[in-house]
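Working notes for the structure below.
The values are calculated or read from the model by the stated rules, or taken from the named source; none is laboratory data. These numbers were taken from a predicted model, which means no experiment stands behind them. Please note: Cβ atoms are built from the backbone with ideal geometry, for glycine as well, and neighbour counts cover all protein chains shown. Ligands, DNA and RNA are excluded from the accessible area calculation, which covers all protein heavy atoms including side chains. Shrake-Rupley method; radii C 1.70, N 1.55, O 1.52, S 1.80 Å.
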Amino acid sequence: VWITVTRGNLKPRVVSSWMAMMRPMNQPFLGPLFIEQDEVGVAYQKMFDMILDHPELSKWKYILSVEDDNLPPPDGLLKLYESIEKGYDCVAGLYWTKGEGGQPMIYGDPKVMPRNFVPQVPLPDTLQRCNGLGQGFNLWKISSLKKKLKELPKPWFKTVQENGAQFTQDLFFYNNAAMHGFK
């Protein structure tokens, strides 16, 4: 199931990139399902709830999240499929912040405690473990969401700027999900 969070400004080259994505043969594929006009954390929560509560879609294997400012390569989805089967609950294509000299959205080394979200330097041509990711091009295992996060209070996705804490919806999710064994 493919969900898309949009700010309502889809560009033709973005849509062209999405349509060029290779998909696995002989597999059910639905999407994109769009959500817009909500704060990004609210949008993600609505889409995940809709899929996980759906009698048929909740039985599917994966959710693919793609944000409207991401141009995945044609083989990007296939690479995510290969990577997630190495024991992960979620994997992502490397996503960069917008603006001059953007930075890669790969945060925190799981071997370093206490858990942190210090940006990592991406290693070329490899699968790299981290504590958090941007959610612009992520593949999620539905079974992991249902099993590992059933005790995680909602909202799972929330933008927080209060009491000295600052989290975007993605790092808010990964911070809390890690405490429930989400990898």
Can you pull out the residues in the stretch 132-152 that are part of a loop (DSSP other than H, G, I, E, B) and under 27 Å from P32 (Cα atoms)? G134, Q135, G136, L149, K150, L152
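On the basis of being open to solvent by less than 20 Å² (accessible area, probe 1.4 Å), under 12 Å from the mean Cα position of the chain (by Cα) and without any contact (Cβ under 8 Å) to a residue 60 or more places away in the chain, does G132 make the cut? Outline the logic, then answer.
On the way: open to solvent by less than 20 Å² (accessible area, probe 1.4 Å): yes; under 12 Å from the mean Cα position of the chain (by Cα): yes; without any contact (Cβ under 8 Å) to a residue 60 or more places away in the chain: yes.
Yes.
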Pairs, please: C-beta under 9 Å, at least 6 apart or cross-chain, first residue closer than 20 Å to I106 by Cα and in the stretch 150-176, second at pLDDT 90 or above and loosely packed, with under 11 Cβ neighbours inside 10 Å? N176/P153
Considering the stretch 1-58 alone, what residues qualify as being polar (S, T, N, Q), at pLDDT below 85 and within 15 Å of the chain's Cα centre (by Cα)? T4, T6
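Among the residues of the stretch 101-113, write down those that are closer than 23 Å to S17 by Cα, in contact (Cβ under 8 Å) with a residue 12 or more places away in the chain and assigned to a loop (DSSP other than H, G, I, E, B). Walk me through it before giving the result.
We begin by selecting, within the stretch 101-113, every residue closer than 23 Å to S17 by Cα; these are 101-106.
Still in the list and also in contact (Cβ under 8 Å) with a residue 12 or more places away in the chain: 103-106.
Listed by number, the residues that qualify are Q103, M105.
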Right, N116: touching a residue at least 40 places away in the same chain (Cβ under 8 Å), surrounded by 12 or more Cβ atoms within 10 Å (Cβ to Cβ) and closer than 24 Å to Y44 by Cα or not? no
